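Q: Sharing a structure, written as structure tokens. Questions coming.
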Amino acid sequence: MDLFKVEKNAEVGRYAVAAKNLKAGEVIFSELPFTYGPKSDSPCLCLGCHAPVDCTYLCTKCKWPVCGPDCESVKIHKENECEIFSKANAQFQPVEDPADTCLQYECITPLRVLLEKERNPKRWEEEVAVMESHDSERKTNPIWEFNQQNVVGYIRGPCKLTEFPEELIHKVCGILEVNAFEARTPSCYTIRCLFPKLAILSHNCISNIHHAVDCVGNGDFNDCRVTVRAAIDIPEKGELYSSYTYSLWPTLVRREFLRESKYFDCKCERCGDKTELGTHLSTLKCQRCDNGVIVSSNPLDDTCEWKCTHCDYKTHGRAVRKVFAAIQNEIDQVEYVGGSEGIQQRETIFRKYKSVLHPKNAYMTILRSALTQLYGKAEGYTLEDLPDIILERKIELCQQLLEVLDVIEPGMSRIRGITLYELHGPLMIHARHQYQYGALDRDDFKGKLQQSVETLRKAVEILKHEPVSQPEGQLGQMAQAAYEQLIENFDLLVETA
């Protein structure tokens, strides 16, 4: 039995509340997707397993890209677009660079929704047709004409599916744009899934649930199952909140994303607070005085004045947004740079904006998140190689990140689990070094070691719920094994340190 109830009011429409008192980690519900497929703006993917492809192998029946013979017989492809494309002779057109966005893929997921509607009309009517598509807002948005050309035109034209009215196809596009959730395939490439129950949950920039999608990669609709758990204790009749945006972004960026992609202005408690509930993710340092910081005079008005808390300096929201965009662009430039070079480039950006941004500002926090996972893994920066000063740097980065996550990603959130895991190792090694140098006595060393073990235990409690098909689930297994080993060998570790 699902542990939530669906309620409705005129202001927000449908929303979900807890049917009983929920404990952190408790499963609220799980469900299979109505369907799933490539995201919008997708590069060329295998239409069976959704891994990136070079387009050298085409399905022998429909002539669209797949990995090979196994993938062309996968159900999600074979029983959907493959039949349609082959019957209509709607063949894939060669592309210059398969890694670039391929507009031919825009029709795939909407087409799969339409075909599943025909196969499962009851679920369509009860769970999908009632979803908000925001057609009236989208008609004045460039996305409408984009879909008209790349989705509606293709489905009714080359695919010859004129039985699907234009209005219905646009509605399906809107349902996907507003309600679909991302998931990662076993190859770690992101696709979108339509989970009707999960889509009922209201948005809040501080989610109180955690969802994990298990893509097992067998190509059937049994993969991509989502499991939704309480991230924190939730009282009976308490509303269930999911976050539709990236939690580490500052308020200006989150609200802009939600307005442009989900068609609403978020007015949650976090968005309405000048300091983002004390996290200062949006705060800048004042360049005119030593002690002041710059905060929005009205966070729910993106164009309002931003003022220093100590002097008379003022600026406006548009200028702050430009600053954020410039910094985000620099971070994006190094997103896929790993190893020692990735560390050095991120630390350079970190130092560059240290005098501009509040220490906990979103972009400092985003950089911390990346650095916590690079220190200890990059060549030349493995945990055993790190000198104390770098171990202390990693500990500091993790602890500062956790201070923010405890507010905006509370409880059993994936990023908290990863950060706790990243913290336990340097805590242990740094304590051992201090003990060896005589900076700690035996009892203090045992206390530090116990702190590391407890940190790892907390990580295990979170990460054990992650699917093993995903990197976080595999990390959870490693964390569990490491925790058991530490408990078993604790006294030996003290004796041999």
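Q: For the chain, what is the convex hull volume of the alpha-carbon atoms per residue, in Å³? Each step should come with its number before you reach the end.
A: Numbers: hull volume 87.2 nm³, N = 497.
Dividing the Cα hull volume of the chain by its residue count gives 175 Å³.
Q: Can you list residues whose amide H is under 5 Å from Leu284's amide H, if they're 5+ apart or on another chain and H is modeled 1.01 Å from N?
A: Ile294, His358
Q: Further question on the same structure: Return the FRET efficiency for the residue pair Glu347, Glu125: r is the Cβ-Cβ distance, R0 is 41 Å, and the value is rounded to the nearest 0.05.
A: Once the sixth-power term is evaluated, E becomes 0.15.
Q: So what is the relative contact order for the chain, in percent, with contacts set as C-alpha pairs under 8 Å and at least six apart? Present the calculation step by step, with values, prior to reporting the outcome.
A: On the way: 848 pairs, mean separation 65.4, N = 497.
Once normalised by length, the contact order is 13 percent.
Q: List the residues whose amide H sits under 5 Å from the amide H of Glu276, counting only those 5 or more places along or on another chain, with H placed 1.01 Å from N in the peptide plane.
A: none
Q: Through the Karplus equation 6.51 cos²θ - 1.76 cosθ + 1.60, θ set to phi - 60°, convert the phi angles of the stretch 465-481 into ³J(HN,Hα) values in whole Hz; use x for Gly and Pro.
A: Those phi angles translate into 8, 7, x, 6, 6, 10, x, 5, x, 5, 5, x, 5, 4, 5, 4, 5 Hz.
Q: So between Val216 and Leu300, what do we pick up on full extension, going 0.36 nm a residue minus the alpha carbon distance? Let's see the in-between values first.
A: On the way: separation 84, 0.36 × 84 = 30.24 nm, distance 4.14 nm.
Separation in residues times 0.36 nm, less the Cα-Cα distance, equals 26.1 nm.
Q: Kindly flag which residue pairs out of Lys23/Lys354; Lys394/Lys464; Lys78/Lys139 have an alpha-carbon separation exceeding 30 Å in this structure.
A: Numbers: Lys23/Lys354 39 Å; Lys394/Lys464 24 Å; Lys78/Lys139 33 Å.
The pairs that break the limit, which is 30 Å between Cα atoms, are Lys23/Lys354; Lys78/Lys139.
Q: Let me ask another. Using the Cα centre of the chain as the reference point, and only Cβ charges (+1 on K/R, -1 on D/E), how large is the resulting charge dipole? Debye, rounded to the nearest 20.
A: 840 debye
Q: Also, quick follow-up: For every helix of n ≥ 4 consecutive DSSP H residues, a contribution of -39,500 (n - 2.57) applies; sum these over the chain, divide by its total residues, and give [θ] at 222 nm rounded to the nearest 500 deg cm²/dmol.
A: On the way: 18 runs with 207 residues, N = 497.
Rounded to the nearest 500, it is -13000 deg cm²/dmol.
Q: Please name whichever of Cys311, Cys44, Ile234 sits farthest to the positive end of the charge dipole of the chain, dipole taken about the Cα centre and charges placed at Cβ: Lys and Arg +1, Asp and Glu -1.
A: Looking along the dipole axis, the top candidate is Cys311.
Q: Find the Cα radius of gyration of the stretch 37-164, compare it with 2.2 N^0.38 Å by division, and give the number to two decimals.
A: Details: Rg = 14.9 Å, N = 128, 2.2 N^0.38 = 13.9 Å.
It is 1.07.
Q: Let me ask you something else. For the residue pair Asp54 and Asp97, what label-to-label distance in nm results when each label sits 7 Å from Cα along the Cα-to-beta-carbon direction?
A: Here the modelled spin labels are 1.6 nm apart.
Q: I'd like to know which of Met131, His433, Thr35 lies farthest towards the positive end of the charge dipole of the chain, counting +1 on Cβ of Lys and Arg and -1 on Cβ of Asp and Glu.
A: Of Met131, His433, Thr35, it is Met131.
Q: While we're on this one: Once you have the Cα-Cα distance between Thr315 and Ser202, take 0.36 nm times their residue separation minus that, and quote the gain in nm to one decimal. Could the numbers behind the result be given before it?
A: Numbers: separation 113, 0.36 × 113 = 40.68 nm, distance 3.32 nm.
The Thr315-Ser202 span can extend by a further 37.4 nm.
Q: Determine ³J(HN,Hα), in whole Hz, for all residues of the stretch 115-129 in sequence, where each value follows from phi through the Karplus function 6.51 cos²θ - 1.76 cosθ + 1.60 and θ = phi - 60°; x replaces Gly and Pro.
A: Couplings: 5, 5, 4, 5, 7, 10, x, 5, 5, 4, 5, 7, 10, 9, 4 Hz.
Q: Counting only residues 5 or more places away or on other chains, whose amide H sits under 5 Å from the amide H of Leu22 once H atoms are built in the peptide plane?
A: Counting only residues 5 or more places away or on other chains, the set is Ile234, Glu236.
Q: Would you please state which residues of the stretch 350-372 a label at Ala326 would reach in this model, taking the label point 7 Å out along Cα→Cβ and a backbone N cut-off of under 16 Å?
A: 350-358, 363-364
Q: Now for a different question. Using the Cα atoms of the stretch 302-438, I'd like the radius of gyration and the largest Cα-Cα distance, Dmax, both in angstrom.
A: 17.2, 57
Q: Quick one: Debye curve from the C-alpha atoms of the stretch 262-321, no solvent, what's log10 I(q)/I(0) at q = 0.14 Å⁻¹?
A: -0.38
Q: Could you give the length gained by full extension between Glu236 and Gln399, i.e. 0.36 nm per residue of separation minus their alpha carbon distance, to one decimal place? Could the numbers behind the result be given before it?
A: On the way: separation 163, 0.36 × 163 = 58.68 nm, distance 3.25 nm.
Taking Glu236 through Gln399 to full extension adds about 55.4 nm, to one decimal.
Q: What is the calculated FRET efficiency for Asp406 to Arg442, with r their C-beta to C-beta distance and R₀ = 41 Å, to the nearest 0.05?
A: Numbers: r = 32 Å, r/R0 = 0.77.
Efficiency computed from Cβ-Cβ geometry: 0.85.
Q: Show me, for the stretch 253-258, the HN-Hα J-couplings you get by feeding each phi into the Karplus relation (A = 6.51, B = -1.76, C = 1.60, θ = phi - 60°), rounded to Hz, glycine and proline as x.
A: 6, 4, 5, 5, 4, 5
Q: In addition: Looking at the stretch 351-497, I'd like the Rg to Rh ratio, where Rg is from alpha-carbon atoms and Rh is Kirkwood's inverse mean 1/r. Kindly include the intermediate steps, with their values, before the conclusion.
A: Numbers: Rg = 15.7 Å, Rh = 16.0 Å.
Computed over Cα atoms, the ratio is 0.98.
Q: Rounded to the nearest 0.05, what FRET efficiency do Arg288 and Glu26 have when you use their Cβ-Cβ distance and R0 = 51 Å? Display every interim value, and only then the final one.
A: Working: r = 50 Å, r/R0 = 0.99.
Once rounded, the FRET efficiency stands at 0.50.
None of the figures in this text is laboratory data; all of them are computed from the coordinates on show. Just so we're clear, the structure is a prediction, and the values are computed from it rather than from any experiment. Every residue, glycine among them, receives a Cβ derived from its backbone with ideal geometry; neighbour counts consider all protein chains shown.
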